[in-house]
Amino acid sequence: MKITRLDVGCKNIVKQQQFYKDVLGLEILNSTLNSFELQLGYSVLNFQEAESFTPYHIAFHIPDKAEEKALEWLKSKLEVLKYEDLEIIDFKGWNAKSLYFYDEDKNIMEFISRRYFNGKSDESFSEKSILGISEIGLATEDIQEKHQFLSAKIGLEVFDGDFEKFCAIGDNKGLLITINSQLITWFPTGDTAYNSEFKIQLEHNEKEYKLQYSGKKLKMIDPLSK
């Protein structure tokens, strides 16, 4: 599952735009009074000002084994979020390592570096090292319902977890981190998991799909993908 576009809400469009431009050094695209976009490798991330905004969890792919260089780069710009005093989290079962930070809206942002997946880079780490969107958090009261929809409509499978508290749906290329918002909070901070609305465009098995999550239901918004 390759995430090619993600549309999320935003609390303060000015501060968010300044963060991604001035702190992370990313190029701002298609900026308006209430929205802007970022080109992140093969993915586009769109922020749209929303009165009903609640925070998200979003992860970006970075090159294989680049977590140490990414950590040094991030720490020169902002405070890295820790888990039990660890700045780099080792997900051995996923063959990946991650580091986390907040943006201006207190979204939990993640850099994830997998092993033998994206290819190793010998270049120094920069904003250009971001390869694409890896994950979007989907908080819900019914994980199994979301999996059944994604399996039936797109053919996505369980990558890790179960239907009680946590279920990563998809594959190494892209994941919907589906959690029960009534039972658990977001890793690594313990922040409340809100059922935040989003739209997502993805590719899977050479087909394109567009979905909308309302905070309750998932639905197709691309008639060609029904």
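Key figures
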read-out	value
Within the stretch 106-133, tally of residues that are touching a helix residue (DSSP H, G or I) at 6+ places or on another chain (Cβ under 6 Å) and touching a residue at least 60 places away in the same chain (Cβ under 8 Å)	1
Some residue of the stretch 51-63 being closer than 25 Å to G215 by Cα and open to solvent by 70 Å² or more (accessible area, probe 1.4 Å)	yes
Pairs, first on the phi < 0 side of the Ramachandran plot in the stretch 172-200, second assigned to a strand (DSSP E or B) and among the acidic types (D, E), C-beta under 8 Å, six or more apart	G174/E135; L175/E135; L176/E135; I177/E135; T185/D191; F198/D7; K199/D7; I200/D7
Residues of the stretch 8-24 satisfying the condition of being open to solvent by 40 Å² or more (accessible area, probe 1.4 Å) and under 23 Å from K128 (Cβ atoms)	Q17, Q18, K21, D22, V23
For F159: the one exception among (1) open to solvent by 30 Å² or more (accessible area, probe 1.4 Å); (2) at pLDDT 95 or above; (3) outside any strand (DSSP E or B); (4) among the hydrophobic types (A, V, I, L, M, F, W, C)	(3)
Selection count where residues are crowded, with 19+ Cβ neighbours inside 10 Å and of a type in the set (S, T, Y), scope the stretch 79-99	1
Qualifying residue in the stretch 100-107 (condition: modelled with pLDDT under 95, under 18 Å from I177 (Cβ atoms) and surrounded by fewer than 18 Cβ atoms within 10 Å (Cβ to Cβ))	no
Residue that is modelled with the lowest pLDDT, among those in the stretch 108-129 that are part of a loop (DSSP other than H, G, I, E, B) and either open to solvent by less than 10 Å² (accessible area, probe 1.4 Å) or of a type outside the set (G, A, S) (or both)	N118
Unique match (being open to solvent by less than 30 Å² (accessible area, probe 1.4 Å) and among the small types (G, A, S)) among S31, S35, S76	S35
Subset of the stretch 162-215 (residues that are more than 29 Å from E84 (Cβ to Cβ), surrounded by fewer than 16 Cβ atoms within 10 Å (Cβ to Cβ) and not charged (D, E, K, R))	N205, Q212, S214, G215
Selected residue (only one of K219, K199 is among the charged types (D, E, K, R), assigned to a strand (DSSP E or B), modelled with pLDDT of 95 or more and under 23 Å from D105 (Cβ atoms))	K199
Unmet criterion (only one of (1) open to solvent by 60 Å² or more (accessible area, probe 1.4 Å); (2) in contact (Cβ under 8 Å) with a residue 24 or more places away in the chain) for L40	(1)
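The values are calculated or read from the model by the stated rules, or taken from the named source; none is laboratory data. On a predicted model such as this, the values are computed, not experimentally measured, just so you know. Don't worry about glycine lacking a Cβ; one is built from the backbone with ideal geometry, like all the others, and counts go over all protein chains shown. These accessible areas exclude ligands, DNA and RNA; they are computed on the full protein's heavy atoms, side chains included. Shrake-Rupley method; radii C 1.70, N 1.55, O 1.52, S 1.80 Å.
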